[in-house]
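*Asks:* Below you will find the structure I want to go over with you.
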Amino acid sequence: MFEFAIKKEDLLTPLLTVAGAVDKKQSLAILSHFLLKLSDGLLFITATDLEIEISAQVVCQSNNSAETITVPAKKFIDIIRSLDENATPNIVFDSGILTIKQGRSSFKLTTLPAENYPSSEDECNDVELTIPRLVLLQLLQSTHFAMSQQDVRVFLNGLFLEFEPNLISAVATDGHRMAISRYSCSNVSHSKLLLPKKGVQELLRLLNCINDEHVLLAAGKSHVKLIASQFVFLSKLIEARFPPYNKAIPREQDKHIIIDCAALKRSLARIVILAHEKSKAVMLHLQPAQLTLIAHNNEQEEAVESLVAETQGDELKIGLNATYLLDVLTHLGEGQIRLSMSNTDSSILIESLQNDSYQYIIMPMKI
């Protein structure tokens, strides 16, 4: 028999933390369940979809029994969430049934055998690094939007982390744009990790939900693990070779636009209203001391706006996807930025003048 009591708020928090790993595709019934393990007054909660796994633990009042069970994740969360705010439900497992009791309410859930729950791969001994939480969060936030949505080239469907002796680089690309973010550090072992898209999205969610100053990042040949005070996150790595991204960074541009990031974002957000609905194509017209944005669509409508800018080089018109540029401007936020290019067919390099940790490359469009 398995029995414990716990405050609603103390149980709901780890349940919601772990829920991101529950399999939404319902490929296997057991993957729609939480694994609950009770041991020495601690409740361990685990969820997995076989690609990522999240586990958390919480102190509870128990009868000191040690047992492991499964429970339907969504129903369990919905029941706990529905209880009164100050509730302390009593949860009992007996003969394959999990009973949740609170006041005059009682809920009975069927379970699946815990021995059928998949065990996780835990060999993450090649790399081990303690890193400031906000640094890791920034590395992911500043690059994740450039990952491909769904590409046959699997390396585009993830985020690349490269560890060098004095540098950590995060890189993402969908073949049309690339985002690069760097963090200088010391005593890092050389390693390369390619994180899957879902893993990156869950890491962003989890890192935003905690206040830890530092987290532990560990990796092996096929998995990466992140250990924080409130959870342990485990993800498979994409088994593919990421291309040599440094070769894609343009080096010899002779045309530059220095402009206020927020002003450009506001202007671009207006201009894109009349851009082609699918391509979101906008023309950048570089002129002396001025940048003009131009958009057209199939209805012969047009939007034009000119901005004061510091420019270098000959006059140039170059097209790009406005959504890609807006993603970059949204991340960079405020301050002066520099757009660099060489001709109509060249890629566009975008950099912040306040922070040299970021580089963004956008391929041009024919308009």
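*Asks:* Taking the Cα atoms of region 65-122, report the difference between the largest and smallest coordinate on each principal axis, in whole Å and largest first.
*Replies:* Between the extreme Cα coordinates on each principal axis of region 65-122 lie 39, 24, 20 Å.
*Asks:* Suppose R0 equals 56 Å; then what is the FRET efficiency for GLU51 and ILE258 from their Cβ-Cβ distance, rounded to the nearest 0.05?
*Replies:* 0.85
*Asks:* Further question: Restricting things to Cα coordinates, could you compute the convex hull volume per residue of the chain in Å³?
*Replies:* 171
*Asks:* In terms of Cα to Cα distance under 15 Å, which aspartates and glutamates are near enough to LYS236, apart from those fewer than 8 places away along the same chain?
*Replies:* Candidates past the 8-residue exclusion: ASP23, ASP49, GLU51, GLU53, GLU121, ASP122, GLU123, ASP126, GLU202.
*Asks:* Pull up the cross-link candidates among the aspartates and glutamates for LYS366, meaning alpha carbon to alpha carbon under 16 Å and not fewer than 8 places away within one chain.
*Replies:* Cα-Cα hits under 16 Å: GLU277, ASP345.
*Asks:* 222 nm [θ] for the chain, helices only, -39500 (n - 2.57) per DSSP H run of 4+, per residue, to 500?
*Replies:* -5000 deg cm²/dmol, from helical runs alone.
*Asks:* Continuing with the same structure: What is the sum of charges around GLY199, taking Lys and Arg as +1, Asp and Glu as -1, for the other residues whose C-beta is under 15 Å from the C-beta of GLY199?
*Replies:* Once positives and negatives cancel, what remains is -1.
*Asks:* Can you pull the Rg over Rh of region 127-247, Cα-only, Kirkwood?
*Replies:* 0.93
*Asks:* Next up: If I take the Cα coordinates of region 251-362 and project them onto the principal axes, what are the three extents in Å, biggest first?
*Replies:* 40, 29, 23
*Asks:* Of the listed pairs LYS25/LYS192; LYS37/LYS192; LYS197/LYS255; LYS24/LYS198; LYS37/LYS225; LYS37/LYS74, which have alpha-carbon separations greater than 23 Å here?
*Replies:* Check vs 23 Å cut-off fails for LYS25/LYS192; LYS37/LYS192; LYS197/LYS255.
*Asks:* Please give the FRET efficiency for GLU67 paired with SER27, using the beta carbon to beta carbon distance and R0 = 30 Å, rounded to the nearest 0.05.
*Replies:* The value I calculate is 0.65.
*Asks:* What are the trypsin sites (Lys or Arg not before Pro) within region 41-144 that DSSP puts in a loop, where the Cβ has at most 15 other Cβ atoms within 10 Å?
*Replies:* Passing both the DSSP loop test and the Cβ count: ARG104.
*Asks:* Then there is this: With a cap of 14 neighbouring Cβ atoms within 10 Å, and only residues DSSP puts in a loop, list the GluC sites (Glu not before Pro) found in region 255-363.
*Replies:* The qualifying sites are GLU277, GLU299, GLU301, GLU315, GLU334.
*Asks:* Moving on to the next point. Fewest Cβ neighbours within 10 Å first, please rank GLU51, GLU123, GLU3 accordingly.
*Replies:* Fewest to most other Cβ atoms nearby, the residues stand as GLU123, GLU51, GLU3.
The numbers here are math on the coordinates, done by the rules we state, and not lab data. Treat the numbers as computed from the prediction; the structure is a model and nothing was measured. We place every Cβ from the backbone using ideal geometry, glycine too, and count neighbours over all the protein chains shown.
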